[in-house]
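One structure, as structure tokens, below. Some questions next.
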Amino acid sequence: MHFSSSIINLVSSFSIPSFIFVLSTHKNFPLTLYTIVLFLKLMTKRKGLRGLGTVLHVFDNKLIVKGSRIKVERLINSIVVTEEKRRIGKVYDIFGPVNQPYIGITVFEGTKEEEIKKLANKKIFVL
């Protein structure tokens, strides 16, 4: 079963209960487990987030991240977020080997120190 992009855009605008109701009332589109699973995959897909790496060190409102395999061009000044999409800071430096760089992040003012310390050994993302 293939979906056109217009149907995918329409489906992604529905909430889960309304989507299931619409599918169950449509005569040419029987409600199946496959369609529900497909919809849930579409709804939970992280749009715009790319894995940046794992936080190694936290000090003086700065983070050092061991980068995953990510293209480093156009990464300076990118916004860095947690898995919950909470903004942490932005990239200010990239150094080390090209295939697995280290990334320096400046934490935004107003971010609590306890929150920053909890990020140690956690994966973070870039928008």
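The values are calculated or read from the model by the stated rules, or taken from the named source; none is laboratory data. The structure presented is a predicted model; accordingly, all values stated were derived computationally and were not measured. Methodologically, a virtual Cβ is constructed for each residue, glycine included, from the backbone with ideal geometry; neighbour enumeration extends over all protein chains shown.
When residues of region 55-67 are filtered for being over 16 Å from GLY110 (Cβ atoms), modelled with pLDDT under 90 and surrounded by fewer than 14 Cβ atoms within 10 Å (Cβ to Cβ), how many remain?
Residues meeting the conditions: 1.
Looking at region 80-116, which of its residues are outside any loop (DSSP other than H, G, I, E, B), at pLDDT 90 or above and charged (D, E, K, R)?
ARG87, LYS90, ASP93
Here is a follow-up. Spot the failing condition for TYR34; the list is (1) surrounded by 12 or more Cβ atoms within 10 Å (Cβ to Cβ); (2) outside any loop (DSSP other than H, G, I, E, B); (3) at pLDDT 60 or above, and only one is missed.
Failed condition: (1).
Hey, another quick one. Pick from ASN28, ASN77: which is surrounded by fewer than 11 Cβ atoms within 10 Å (Cβ to Cβ) and modelled with pLDDT of 90 or more?
Only one candidate passes the filter, namely ASN77.
Do you know which of the residues in region 80-127 that are basic (Lys, Arg) and touching a residue at least 60 places away in the same chain (Cβ under 8 Å) is surrounded by the fewest Cβ atoms within 10 Å (Cβ to Cβ)?
Among those that are basic (Lys, Arg) and touching a residue at least 60 places away in the same chain (Cβ under 8 Å), it is LYS122.
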